[in-house]
Structure formats: structure tokens, C-alpha cells
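This report refers to the structure that appears directly beneath it.
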Amino acid sequence: MRKEYSALTNNIQFAMKKFKLTAFFFLVTAFNCFSQSNIDVLHYRFHIELFDSTDMILGKADITLRFTENTSTVKLNLASKQADGKGMEVVKLTGTEIAGFQNNQDTLVLTLSKEAKKNDSVLLSIFYIGIPKDGLIITKRKDGTNSKTFFADNWPNRAHYWIPCNDRPDDKASFEFLVTAPAKYRVVSNGILQEEKLIAGNKKLTHWKEDIPLSTKVMVIGAAQFAVKTYTDSPEKISVSAWVFSSDTLQGFQNYSFAPQILKFFSSYIGPYPYKKLANVQSKTIFGGMENASCIFYYDESATTKKSVEDLLAHEIAHQWFGNMVSEKKFADLWLSEGFATYLTNIYFENKYGRDSMNYRLKKERKEAIDFGRANRHPVVDSTTNLMSLLNANSYQKGGWILHMLRQEAGDTVFKNIIRSFYNQYKGSNASSKDFEAVAEKISGKDLTAFFKQWLYQPGIPQLDIHWKYDNKTKKLCLIVEQKQSGAAFQFPLELRIQSASGKSRLEKLWISNKQQTFNFSSTEPVATVEADPFVNLLFDGRVQKIQ
């Protein structure tokens, strides 16, 4: 450890001189995060130094990778230096048979002195320096302490703004961070703390290591003047802690105190928690929460608000299973992360507070899905290249509703087995929507082709006009169901609660498969009201009206 730090320091001194003397400006016309699919990164070892006096970072990345085909080049993602002075500059590169390199338009291209063969592996060491334009958020605290905070914020493919990497969700690797920072800061990261010690220059070296391969989107560090509390009701052998700014301990420790019980619930519902600790961290993430594996970052005010953040904690903790251990192969399948976390949060609330609590959440989420669908004609599985635009009600609320409707189709026990089986089959790797569909069909024993096709791959939801009329002479209730949305008809079960004038009610379950269908029911008493979807089991937009 000491030897590695010494080598890094020598190269940093050279890099700092070069940084002051040299300015390279690149014209970048568009964001171009070009990553390579013919390599498999096995392990990252990142050395990072942070400063109070500047937003510049100094880094060294030791990257062990394997080639998946014969090649003469290695392409990694690293933000190149731009006209505004931000970006990274590679000052030295060492490794097996590296002939040269170029770094522009956010792509680091390494030329090999001879062709590498499939399954060959190499160790590369990249020394670099720069001011992060994104990915690592560096801010000054406004609490009078004259301190700073440093928080990685990598989702979806922003890790390359501060670390060299293969910045894509389907190349998972184990990793470690060795962070040098002013001694007043505490550093948190994924995995398990290996070492924390004071070194020369009033600095501290902190070493975290994660052995479970993860996507770059959830590899992080956080450095600040933290106060830390480990909760006494943590699960056995798993430390659940809160990391909050030293000025926010009273409310922050209380707000994050739901974490142990949430972790226990999901461990029993899905499967054992896959990591060895869970740090819940007050941060400067641009998101409400970021599910970094075993090291969740929450927005700054989450530790100071008087409102409950229990649902936020549940959502991000659910991601530890879906999003982190099971990751989408492509961002088009983001609902496998966000829809799962959304619905598992509802299941947690149902278990703790009852079905009415979940129904309240489902109704709110249904409205949000409806509002989004009215303005946006996109399917849930969306191949857009604007990845930030995927953070929408299709991925979250509609994705969660699809799972809720699958639960009604399969039944509670089978649905739970689907979730557990999908997790067990793909934990530690990546999955697609088709992979989930295959698991759901296998466990349920049902052909779910039409179900997933209409809900995942075509835009919109059913827009229903339901009209009814009771005939006193024939003692018949006539009910017309019309689907008003453009495109093909959806196929789904529609539950109705029919209430008579005397207050008696009965339930009817209809199978809807055409754009317009008529149903007739016998009723010895006059019908007073007809209510669609009384148990909140269907994602639809519409109205029920009596025909005079």
C-alpha cells in the first residue's frame, strides 16, 4: 500500500507540472461515449487524490481486462480535456505491449504493439489529471466550516468524466478505491473498508474494496465531514449505517433509521442481501436518490426534512437487488431497475401498512403514468439514445404497474416465485425484458407473449369509455366497453362492482379483447352504480357513465 501510494505521488508531481504548463483544447461537437464491446474488464483499482484548494483531481487507474476477440486496439471511456479547461488529461500510461494512445472526444484509444488474442488479459495503468466536468460533483459547504464535499454521480454513463472505464451497464467488474484527501474528511465507498490511516501532509488515505462485479454506474466515492451512525437493529453480519453531514445528525440519523427494517423485508421477499454493508449517505447527487451498491446516495435535504423519506429509502434499497445485482443489459430495459424498485416499494408498504396504503400509492402512480402517456408516445422498452429521458413515468410508474398486473395474472405466491427466480438466475449479471418474460412464463406455466407485448413494446394504455343502462322491464343491465386509444386493442381482465339501489353489490370480471364489446347481466334489482376496477388492479384511463 505504501509503495503504491509513493509511485502515485511521483507521477502526480510530474502531472501537476504538466497541468500548469500545457493547455490542449479539443473541439467536441457532441457527446460521444464510445465504449468497447470486445473487452471484458475484470477489475479496477482506482487511486484518487482530492484537494481543498482546487477542484482538480489526480488519478491512477489500474485496469485488468480480458479480450473477447482478437484486436489491436483497446478503447476505454475517459472525458477528454475541453476548451473550458475541464476534462481529464492522460499524462502517463503503462502496460503490457502498449505502443501509444490518444484521448479525444471522450474516448481513450490504446494501440497495442501486436495483436492481442481472444482470452488474453492485460494490466493497464493510466495516470491522469483534470477537473471533472461531471460525474464527480465537487461543491463547497455553506455551513461555515470552509469545507467541501465530493460525490460520484455516475448514472447512466457519467463515470468516464472522472475515471477511465468501460462505461456501460453490461461490463461488470470488481473494483477498489484508494482515496487520498485532507485529513478532516471521511470517505465512503462501495464494499468493505480495508484501511483508513493518516499520512504525511495532514492527509488521510482510505481504501475501500468491492469483490462483487458491478456496473460503472454504481461505482462511487463520497468525501465530506461526515458523522456516522451504525444502527443497532442491523441484520446479523450486515452493518447498516447513516453517513450525514456533521451539522445534520439529529434529523439525519432519524430519517435514515428505516433502512434496517427495509433491508430485512427485501431479504426475506427476494433473497439474501448480496453485500456486506449498507451505507445510507447524505450527498449532492443530482437525483433524489442514487442506488450505488451498498453505498446509497440521497439528496442533501433528505437528512434535514421533517417529512418521511421511508419510501425513498425503500426504493433505493430495492435497487440493491434489481439494478445492481441484476442489471439491465441495455438502458432500453431500464424498467427492470426502476419499475422493479417502484413496485417492490409498494409491496413493502403493503406488508407494513396494509393494502389500502399500497392502493393509495398505485392510484397516484397510475395517474402519473396516464399523464405521461398522454404527452409521450413511447413504449416502456425504449431504445432512445437520450438516456436521461428514460427517467420517466414509463420506466418507473408504468413499469411498476406492469408488475402489479402480472401479480394479478399469476397470483401472489407465483408472482413472488417469479421475482425470486429471476433474481437467482441473473444475480451478478445482466438481463433483458425477454429474459424476464421467459422466467415469468416458466414459473407461471402461462403464455405471456401478448401480455408483455402490449404493455412493454407498444405505447399507451387502454382508454376506456364504459357506458351502462338498466332496463326495468327486462331486468337486464347492458354494459358497453369501448377502447378509445389509437392502435390495437389491449387484452385484459376488467373487474366491475355493480351496486343495486338497496345497497347490495356484486363483482363481475370481464375479459376485454376488442375495441368495443357489449355485455348483458341479469339483475332483479335496479342498478344504482357501476364501478370499474374497484380493487385497483388495472392500468387504464377512462370513465364510467350511465346512459339515460
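The values are calculated or read from the model by the stated rules, or taken from the named source; none is laboratory data. Everything quoted here is computed from the prediction, not taken from an experiment. Positions of Cβ are generated from backbone atoms using ideal geometry, with glycine treated the same way; all protein chains shown enter the neighbour counts. All accessible areas refer to the heavy atoms of the entire protein, side chains included, with ligands and DNA or RNA removed. Shrake-Rupley method; radii C 1.70, N 1.55, O 1.52, S 1.80 Å.
The conditions are (1) touching a residue at least 40 places away in the same chain (Cβ under 8 Å); (2) touching a helix residue (DSSP H, G or I) at 6+ places or on another chain (Cβ under 8 Å), and Val439 fails exactly one of them. Which is it? Only one criterion is unmet by Val439, namely (1). Of all residues in region 173-228, those satisfying the criterion of being open to solvent by less than 30 Å² (accessible area, probe 1.4 Å), outside any strand (DSSP E or B) and on the phi < 0 side of the Ramachandran plot are Ala183, Tyr185, Asn190, Ser215, Thr216, Lys217, Val218, Met219, Val220.
Taken as a whole, the condition of being open to solvent by 30 Å² or more (accessible area, probe 1.4 Å), in a helix (DSSP H, G or I) and hydroxyl-bearing (Ser, Thr, Tyr) does not apply to Ser486. Does region 137-156 contain any residue that is under 30 Å from Thr68 (Cα atoms) and either without any contact (Cβ under 8 Å) to a residue 40 or more places away in the chain or open to solvent by 20 Å² or more (accessible area, probe 1.4 Å) (or both)? No, the conditions are met nowhere in region 137-156. Put simply, of Thr285, Thr249, Thr305 the only residue that is part of a loop (DSSP other than H, G, I, E, B), of a type in the set (S, T, N, Q) and surrounded by fewer than 23 Cβ atoms within 10 Å (Cβ to Cβ) is Thr305. Taking region 82-119 as the range and being open to solvent by 60 Å² or more (accessible area, probe 1.4 Å), of a type in the set (Gly, Ala, Ser) and not in a loop (DSSP other than H, G, I, E, B) as the test, the residues that pass are Ala99, Ser113. If you go through region 521-548 and keep only what is assigned to a loop (DSSP other than H, G, I, E, B) and among the polar types (S, T, N, Q), you end up with Ser523, Thr524, Asn537, Gln548. Within region 157-167, restricting attention to residues that are in contact (Cβ under 8 Å) with a residue 60 or more places away in the chain and either under 25 Å from Glu301 (Cβ atoms) or touching a Lys or Arg at 6+ places or on another chain (Cβ under 9 Å) (or both), the residue that is surrounded by the fewest Cβ atoms within 10 Å (Cβ to Cβ) is Asn157. Selection over region 400-443 of residues that are open to solvent by less than 30 Å² (accessible area, probe 1.4 Å), touching a strand residue (DSSP E or B) at 6+ places or on another chain (Cβ under 8 Å), within 18 Å of Lys329 (Cβ to Cβ) and in a helix (DSSP H, G or I) gives a count of 2.
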